[in-house]
C-alpha cells in the first residue's frame, strides 16, 4: 500500500512541477512577445508622421488591423481584376489593329502587375506593329526613324522581360526571334530563341520555318536543310510542304554550286 501511495505522490509531484514550468515558460514568452510588440509599435510610431493617425499602442494597432483587413483584401481583389480588365482591353484593341491604344492599355495593366509575362509579351507584339507603322509624312527628318527605333527597342525589352519572368513561355521566344531576324538584322541572336521555341513546341511548323530561315541567313545551310526536312515530314499542308521542298533544293543547289 505504501509503495502505491509513494508512486501516486511522485506522479502528482511530476504533474505539479510540469505545470509550474509550463506556466513559467508561457509567462516568459508572453512577456517577451509584449516586449517585441512594444519595440515594433515604437519603431512604426517613430517612422510615421505625427499627423498620420497611426495608433501608437499595441492594442490600437491590433484594432486598426482588424478594422481595415477586410478593406485591404477588397482593394487587392479589385486591383487584380482591374489589371486583368486592362489586359483584356489591350487584346481587344490589338485584334482591331489599334496597337498604339493597346500599348496605353498595357501600360495601365503593368501598374497592377509588374511581373506578368503575358503583359510584357503583348507589349512586345504591339510595339513591333507600331514601329512598322511609323510612317508620318509630317515628321521632321530623322524623327520617323527615331520613332521606329524607339518602338523596336521597347519591343525587344518587353519580350526579353517576358522570357526572364517565364523561361518556358514559348510565344515571346518566337516573336523575339522574328524581331531579331526580320526587323533588326540580328539573325544570329534569333537562332537560340527559335531553337528554344521548338524545344517547347517541337511540332510548330511556323517555328520550324522561322528557324530554317534564321539558319540560312547565318549561313548554317546544313542545319537549314535539316529543318526543312522536318517541315516536309511534319506538315499536312501541301503548299507548305512544296515551299519547304523548294527552299531545301535551292539551298542544296547553292551548297553544291
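No lab work stands behind these numbers, since they all come straight from the coordinates. Model, not experiment: these values are computed from the prediction. Ideal geometry is used to build each Cβ from the backbone, glycine not excepted, and the neighbour counts take in all protein chains shown.
The residue 189 and residue 236 beta-carbon pair, evaluated with R₀ = 30 Å, returns a calculated FRET efficiency of approximately 0.40. Overall shape: oblate for region 88-227, with the ratio a/c of the largest to smallest alpha carbon gyration tensor axis at 1.5 or above and b/c at least equal to a/b.
Once the chain from residue 222 to residue 182 is taken as fully extended at 0.36 nm per residue, the excess over their C-alpha distance is 12.3 nm.
Which percent of the Cα-Cα distances in region 155-194 go past 13 Å? Value for region 155-194: 42 percent of Cα pairs lie more than 13 Å apart.
Using the count of nearby Cβ atoms within 10 Å as a rough guide to exposure, how do 120, 152 rank from fewest to most? Show your work: numbers first, answer last.
On the way: 120 25, 152 20.
The order, fewest Cβ neighbours first, is 152, 120.
Taking every C-alpha pair closer than 8 Å and separated by at least 6 residues, the mean separation divided by the residue count of region 144-201 gives a relative contact order of 27 percent.
Binning all Cα-Cα separations of region 187-257 at 5 Å, short to long from zero, yields these whole-percent fractions: 4, 19, 30, 24, 16, 6, 1, 0. If R0 equals 30 Å, the separation of the Cβ atoms of residue 96 and residue 164 corresponds to a calculated FRET efficiency of about 0.50. Placing dummy labels 7 Å off each Cα toward the beta-carbon, the span from residue 58 to residue 206 is 6.1 nm.
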